[in-house]
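All remarks here apply to the structure that follows.
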Amino acid sequence: MEPTRPKTITVETKVDRPIAEVWTYWTDPSHIVKWNFANDDWCCPNAKNELNAGGEFSWRMEAKDGSMGFDFNGKYSKVDPLKVIAGQIEDGRSMQVQFEDLGDKTLVTEIFEIEDTNTAEQQRGGWQSILENFKRYAEGHSNNL
């Protein structure tokens, strides 16, 4: 009998910015804190990002009213600049972010293992909302990095 493979969810968006800019907005903690939340009721007060294989990441997400919050932590297993970031979330699930150069646009694709607490649809919606918030931030930011 074959072992059951973890189920994954994929979300993606096309960002109207060149790949080098998108990479910086995605990976630099000074930018992460400005987009890493699903809606305007939430914020990301701090982010740490050791962008290398074996490096750790830690992003704090909180409701602006202080009613709840959580840390999103993990460790990178692969970082291929301008192409892919892969790793493991603290709870053991794998995740990967792919960046595809489309000239003056960039396709960002996230693939992650689902967790058992929320439905796959809820997880897809949450991750897609964060990704769309990233897109808005990146496209609305000046080109001066």
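Only the coordinates and a few stated rules stand behind these numbers; no lab work does. Because the structure is predicted, anything quoted here is derived from the model rather than measured. Cβ: placed from backbone, ideal geometry, glycine included. Neighbour counts: every protein chain shown.
Just a few scattered comments:
- Listed residues SER30, SER77, SER67, most fluctuating in the chain (Gaussian network, C-alpha, under 10 Å): SER67
- Segment SER58-SER129, extension gain: residue separation times 0.36 nm, minus the distance between their alpha carbons: 23.6 nm
- Gyration tensor over the Cα atoms of region 75-133: the corresponding equivalent ellipsoid has semi-axes (square roots of 5 times the eigenvalues, largest first) of 22, 16, 7 Å.
- Between GLY74 and PHE57, GLU90, the built amide H atoms are under 5 Å apart, and every one of these is 5 or more places off in sequence or on another chain.
- Label separation (ILE111 vs LYS48): 3.0 nm, computed from points 7 Å beyond Cα along the C-beta direction.
- Summing Cβ point charges (Lys, Arg +1; Asp, Glu -1) relative to the Cα centre of the chain gives a dipole of roughly 200 debye.
- Where a label projected 7 Å from the Cα of THR8 along Cα→Cβ would reach, residues of region 92-122 with amide N under 18 Å: 92-101, 107-116, 120-121
- Each residue in ILE130, ILE114, ILE85 was given a count of other beta-carbon atoms within 10 angstrom of its own, and listing them fewest first yields ILE114, ILE130, ILE85.
- Around LEU82: net Lys/Arg minus Asp/Glu count, Cβ-Cβ under 12 Å: -3
- Ranked list, fewest to most other Cβ atoms within 10 Å of each Cβ, for ILE32, ILE111: ILE111, ILE32
- A rounded overall shape is assigned to region 8-140, the ratio a/c of its alpha-carbon gyration tensor axes (a ≥ b ≥ c) being less than 1.5.
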